[in-house]
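J.: Could you have a look at this structure, given as structure tokens, before my questions?
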Amino acid sequence: MKLVRKDLEKDNAGQVTLIPEEPEDMWHTYNLLQVGDSLRASTIRKVQIESSTGSVGSSRIRTTLTLCVETIDFDSQACQLRVKGTNIQENEYVKMGAYHTIELEPNRQFTLAKKQWDSVVLERIEQACDPAWSADVAAVVMQEGLAHVCLVTPSMTLTRAKVEVNIPRKRKGNCSQHDRALERFYEQVVQAIQRHINFEVVKCVLVASPGFVREQFCDYMFQQAVKTDNKLLLENRSKFLQVHSSSGHKYALKEALCDPAVTSRLSDTKAAGEVKALDDFYKMLQHEPDRAFYGLKHVEKANEAMAIDTLLISDELFRHQDVATRARYVRLVDSVRENMGTVRIFSSLHVSGEQLGQLTGVAAILRFPVAELSDQEDDSSSEED
């Protein structure tokens with residue numbers, strides 16, 4: 001998705017102009033649109049034109065309309081969006097208040113205006129427009145004294161950091177200068193990894209180098225992580241994969257990506273993270289039911305106790321027609337994040353999203369058991385709807 005323009009006021013009212021570039025962007029657009037929004041886009045309208053002789057004929061005219069959105073239909077197979085609404089801006093071909101349907105499709109610019117842009121919608125725009133959010137793979141291509149930290153998306157490789165440190169040669173009987181410089185180099189690469197790699201998105205980090213540089217670097221990184229109790233690196237240790245490359249330059253990444261071990265590792269999709277989160281929830285529900293809750297009322301109570309470790313929520317809930325209900329879900333997401341919890345927004349198009357939908361669309365894994373909530377379990381389901 002390409003962000004052309006963003007004009008937001010202090011009260012979060014305003015408009016954004018976007019160009020969807022690939023099929024997945026149409027799904028993002030569907031989730032951005034709500035009834036009552038204002039949509040401006042180019043469209044074709046059949047109009048009647050009277051000639052100078054008085055005869056009336058009809059022709060198809062391309063014009064730009066601004067609609068107040070009333071209905072939204074998404075075709076997941078064709079990745080097309082049909083948005084129906086009434087014209088709210090003067091146009092020489094279409095009367096004010098007249099109905100029209102705009103078909104949105106890839107590579108067609110549109111402007112969307114809202115009275116209130118909430119955090120969930122703004123985050124979706126950020127994810128759709130930032131290539132880093134679609135980068136499932138990160139890579140550190142290195143040799144002694146040179147390293148490139150890259151993000152790999154389906155269409156491009158983005159260099160996020162370049163680390164260069166002058167490493168003196170080993171001298172006979174004195175390697176201290178060489179070792180100190182090497183340690184400084186490794187430390188800078190570790191800092192670059194933590195700064196530029198989003199482990200919530202990235203499912204695999206390739207560490208590529210000639211010789212034994214990658215093994216020595218990984219040993220150093222995880223020894224330091226243990227010493228400093230760096231949970232981010234320790235929890236994601238399994239994502240690091242060591243492969244051979246001919247050098248530490250960016251072009252050497254291509255040969256690393258062709259490694260059979262890498263291609264098999266990358267065969268699973270981003271949805272695998274959602275599947276694992278849902279699986280963790282079911283296991284918790286089976287073994288420690290006091291730490292697994294679902295249903296909006298129950299999850300909100302757990303959040304009030306600041307007990308939520310991971311919130312699982314379907315994107316379908318953010319398309320709710322009722323503004324107050326939607327705002328309730330947005331408040332829940334914001335609150336969990338403020339309390340340092342993890343939020344996973346599931347796509348209702350994935351199997352895991354469908355399964356979560358059967359559990360009311362919202363569930364939570366808790367940090368600690370909240371016993372008093374268990375007593376309310378009987379009456380919670382009746383108030384869910």
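All of the numbers you see were taken from the coordinates with simple rules; none came from a lab. If you're wondering where the values come from, they're calculated on a predicted model, not measured in any experiment. Note that we place each Cβ from the backbone using ideal geometry, even for glycine, and neighbour counts take in every protein chain shown.
J.: Relative to the first principal axis of the alpha-carbon coordinates of the chain, what is the inclination of helix 271-287, with its axis defined by its Cα atoms, in degrees from 0 to 90 and to the nearest 10?
T.: Helix 271-287 sits roughly 80 degrees off the main axis of the chain.
J.: What does the charge count near residue 221 come to, summing +1 for each Lys or Arg and -1 for each Asp or Glu among other residues with Cβ under 10 Å from its Cβ? Write down the numbers at each step before the final one.
T.: Values: positive: 237; negative: 187, 219.
Neighbourhood net charge equals -1.
J.: For residue 348, what residues show an amide H to amide H distance below 5 Å, using hydrogens built from the backbone and excluding near sequence neighbours?
T.: 315, 316
J.: So if R0 is 25 Å, what FRET efficiency would residue 48 and residue 71 give, r being the distance between their Cβ atoms, rounded to the nearest 0.05? Show your work: numbers first, answer last.
T.: Numbers: r = 25 Å, r/R0 = 1.01.
That pair, residue 48 with residue 71, gives E of 0.50.
J.: If Lys and Arg each add +1 and Asp and Glu each add -1, what is the summed charge of the other residues whose beta carbon sits under 15 Å from the beta carbon of residue 167?
T.: Result for the neighbourhood of residue 167: 0.
J.: Using the Karplus curve 6.51 cos²θ - 1.76 cosθ + 1.60 with θ = phi - 60°, work out ³J(HN,Hα) for each residue of region 61-75 in order, rounded to whole Hz, and write x for Gly and Pro.
T.: Calculated HN-Hα couplings, in order: 10, 8, 9, 10, 10, 10, 10, 8, 5, 10, 9, 10, 10, 10, 9 Hz.
J.: Further question on the same structure: For region 2-133, what is the Kirkwood estimate of the hydrodynamic radius, computed as the reciprocal of the mean inverse distance between distinct Cα atoms, to one decimal in Å?
T.: After inverting the mean inverse Cα-Cα distance, the result is 15.8 Å.
J.: What is the extension gain from residue 178 to residue 219, computed as 0.36 nm multiplied by their sequence separation minus the C-alpha to C-alpha distance, in nm to one decimal?
T.: Contour length minus the Cα-Cα distance gives 13.0 nm.
J.: Something else: Could you give the alpha-carbon Rg of region 271-373 over 2.2 N^0.38 Å, rounded to two decimals? It would help to have the intermediate numbers written out before the result.
T.: Details: Rg = 12.6 Å, N = 103, 2.2 N^0.38 = 12.8 Å.
For region 271-373, the normalised Cα radius of gyration is 0.98.
J.: Still on this structure, I have one more. Rounded to two decimals, what ratio of Rg to Rh does region 137-268 give with C-alpha atoms and a Kirkwood Rh?
T.: Ratio of gyration radius to Kirkwood radius: 0.97.
J.: Same structure again: Where the Cα atoms of the chain are projected onto their three principal axes, how long is each span, largest first, in whole Å?
T.: The principal-axis extents, from largest down, are 102, 64, 41 Å.
J.: How much net charge surrounds residue 177 when only other residues with a Cβ under 13 Å from its Cβ are counted (Lys, Arg +1; Asp, Glu -1)?
T.: Residues close to residue 177 contribute a combined charge of +4.
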